[in-house]
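J.: Sending over a structure as structure tokens; questions will come in a sec.
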Amino acid sequence: MSAPVLAQDEAVQLTSELIRIDTSNTGELETTVGERVAAEYVAEKLTEVGYEVTVLDSGAPGRTNVFARLAGADRTRGALLIHGHLDVVPADATEWSVHPFSGAIQDGYIWGRGAVDMKDMVGMTLAVARRFRRDGVVPPRDLVFAFLADEEAGGAYGSQWLVENRADLFDGVTEAVGEVGGFSVSLADDLRAYTIEVAEKGIAWMRLRVRGRAGHGSMIHEDNAVTKLAAAVARLGAHRFPIVVTDSVRAFLDSVSQLTGLEFDDDDLAGSVEKLGPLARVVGATLRDTANPTMLTAGYKANVIPSVAEAVVDCRVLPGRQEAFERELDEILGPDVEREWITHLPSVETSFDGDLVDAMTAAVQAEDPGARTIPYMLSGGTDAKAIHTLGIRCFGFAPLRLPADLDFTALFHGVDERVPVDAVRFGTRVLDRFLRTC
């Protein structure tokens, strides 16, 4: 049975109301807001229909999480975790055509920060969880619903803390679904593929530091820390790491070839991927490691040459590539540059097979006959980076049927972030079917 109209309507309303709760995560404890308010909102919606909920902070006051469990028919089976994060990246309202925390429903879209990342999935999950409890639905196995803090800053005050300090909340869980996957990609007229995330690049945020001799800005100076750092950062920013085709990327390319007849030439893989249109932005970033300089810090006065200059680099590393990546880094940077990891989260990779994948595919095809599901790797990161360390098999599956002309991937962290109302209604129906058969 498909999710009734009530649950679909509720998912749209819940998504809108969640967006109105500003949960901007700046990466700093003192300026991050709203996670507790959002968690209390979610907890109230769950307790209202009879769930027993666990509400707890993870490492700092206000970094609040909510867990609830729905007993399944076969409690000897491993439980399924459905997880989503409550925080969002900040937004500058002056850049938006609709206020980023309005949750406006207009022109067929729900607008606001978090509409696609990922309050839409939280709203859909919450609507289905409420529907199951309200209607007495018993899923095939235990379902654990988790609504988490701090994903947008790497999860130190969210999933990482929970895994390290409250692993009991994940007892019995063997598989998990969360962001970023399940959205449709139009490969040809009336040919939609739904991407299921099976892998993520590792996140390695790095600080570079160069030391020199302090001095007066008016003098000739041959040991300038700023100059040496700038040269190293320029070398790194211009460098292209080698293409490495992982199992998950190969599976994606093979799937697309089978569906469309497109060929991906191994001798010009980066160029071949451009055939994918907007999706090339995501896929291209999974062909190689990346190291993008993002911050520079040096000096305190115009006429003082500082003794130290620093930079921050956002590194994303393919599965199995960490050691080779670090060797290459050292060759590029040279002996004068010190480096240290600020955040270091591992890559994630699983295979595209098994009963859970079959259940996802069946649920999508029941609502979109003729659709296909295909595996892919995410160039970014999710809470799966922490969750998979417990031996839990992780997938990205937040189903949305999208218009062919919508550049969906550009909306993540973008201006005028929005999600189609019809896509949220579709996703609610798919999640309902999936969680009944998982």
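The values are calculated or read from the model by the stated rules, or taken from the named source; none is laboratory data. Every value quoted in this text rests on a predicted model; they were computed, and no experiment measured them. Note: ideal-geometry Cβ built from the backbone for every residue, glycine included; neighbour counts use all protein chains shown.
J.: Is it the case that the stretch 211-223 has a residue that's buried (at least 24 other Cβ atoms within 10 Å of the Cβ) and either assigned by TED's automatic domain parsing to the domain that holds residue 37 or in contact (Cβ under 8 Å) with a residue 60 or more places away in the chain (or both)? First the steps, then the outcome.
T.: At the first step, the residues of the stretch 211-223 found to be buried (at least 24 other Cβ atoms within 10 Å of the Cβ) are none.
No.
J.: Please tell me if residue 236 is buried (at least 17 other Cβ atoms within 10 Å of the Cβ) and under 27 Å from residue 395 (Cβ atoms). Steps first, answer last, please.
T.: Numbers: buried (at least 17 other Cβ atoms within 10 Å of the Cβ): yes; under 27 Å from residue 395 (Cβ atoms): no.
In short, no.
J.: Then there's this: Can you pull out the residues in the stretch 296-313 that are at pLDDT 95 or above and assigned to a strand (DSSP E or B)?
T.: 296, 297, 298, 308, 309, 310, 311, 312, 313, listed by residue number.
J.: For the stretch 248-263, state whether one or more residues are assigned to a loop (DSSP other than H, G, I, E, B), touching a strand residue (DSSP E or B) at 6+ places or on another chain (Cβ under 7 Å), outside the structural domain of residue 180 (by TED's automatic domain parsing) and more than 24 Å from residue 315 (Cα to Cα).
T.: Restricting attention to the stretch 248-263, the residues satisfying the condition of being assigned to a loop (DSSP other than H, G, I, E, B) are 261-263.
Next cut, touching a strand residue (DSSP E or B) at 6+ places or on another chain (Cβ under 7 Å) only: none.
No.
J.: Just checking, does the stretch 191-207 include any residue being touching a strand residue (DSSP E or B) at 6+ places or on another chain (Cβ under 9 Å), in contact (Cβ under 8 Å) with a residue 60 or more places away in the chain and over 25 Å from residue 116 (Cα atoms)? Let's see the steps before the verdict.
T.: From the stretch 191-207, those touching a strand residue (DSSP E or B) at 6+ places or on another chain (Cβ under 9 Å) are 191-207; that's our starting set.
Within this subset, residues satisfying the condition of being in contact (Cβ under 8 Å) with a residue 60 or more places away in the chain are 191-207.
Subsequent filtering for residues that are over 25 Å from residue 116 (Cα atoms) retains 206-207.
Taking every residue of the stretch 191-207 in turn, at least one turns out to be touching a strand residue (DSSP E or B) at 6+ places or on another chain (Cβ under 9 Å), in contact (Cβ under 8 Å) with a residue 60 or more places away in the chain and over 25 Å from residue 116 (Cα atoms).
J.: Can you tell me which residue in the stretch 302-353 is surrounded by the most Cβ atoms within 10 Å (Cβ to Cβ), limited to those that are acidic (Asp, Glu) and under 19 Å from residue 388 (Cβ atoms)? Can you show your working first?
T.: First pass over the stretch 302-353, keeping only residues acidic (Asp, Glu): 310, 314, 323, 326, 328, 330-331, 336, 338, 340, 349, 353.
Subsequent filtering for residues that are under 19 Å from residue 388 (Cβ atoms) retains 349, 353.
Working: 349: 18, 353: 11.
Looking at the filtered set, the residue picked out is 349.
J.: In the stretch 171-191, how many residues are part of a loop (DSSP other than H, G, I, E, B) and aromatic (Phe, Trp, Tyr)?
T.: Result for the stretch 171-191: 0.
J.: For residue 86, are the conditions met, namely being over 25 Å from the mean Cα position of the chain (by Cα), among the aliphatic types (A, V, I, L, M) and closer than 21 Å to residue 424 by Cβ?
T.: no
J.: Next question. So which residues in the stretch 246-290 are among the acidic types (Asp, Glu) and either within 18 Å of the chain's Cα centre (by Cα) or within 15 Å of residue 375 (Cβ to Cβ) (or both)?
T.: Answer for the stretch 246-290, where residues must be among the acidic types (Asp, Glu) and either within 18 Å of the chain's Cα centre (by Cα) or within 15 Å of residue 375 (Cβ to Cβ) (or both): 247, 254, 289.
J.: While we're looking at this one, here's another question. Identify all residues within the stretch 108-129 that are crowded, with 24+ Cβ neighbours inside 10 Å, not in a helix (DSSP H, G or I) and not aliphatic (A, V, I, L, M); write none if there are none.
T.: Of everything in the stretch 108-129, those that are crowded, with 24+ Cβ neighbours inside 10 Å, not in a helix (DSSP H, G or I) and not aliphatic (A, V, I, L, M) turn out to be 112, 113, 114, 117.
J.: Additional query: Evaluate the stretch 136-157: report whether one residue or more is in contact with a helix residue (DSSP H, G or I) (Cβ under 6 Å, 6 or more places away or on another chain), within 18 Å of residue 75 (Cα to Cα) and in a helix (DSSP H, G or I).
T.: Looking for residues that are in contact with a helix residue (DSSP H, G or I) (Cβ under 6 Å, 6 or more places away or on another chain), within 18 Å of residue 75 (Cα to Cα) and in a helix (DSSP H, G or I), one finds none in the stretch 136-157, hence no.
J.: Can you tell me how many residues in the stretch 27-61 are out of contact with any Leu (no Cβ under 7 Å at 6 or more places or on another chain) and assigned to a loop (DSSP other than H, G, I, E, B)?
T.: Of the residues in that region, 15 qualify.
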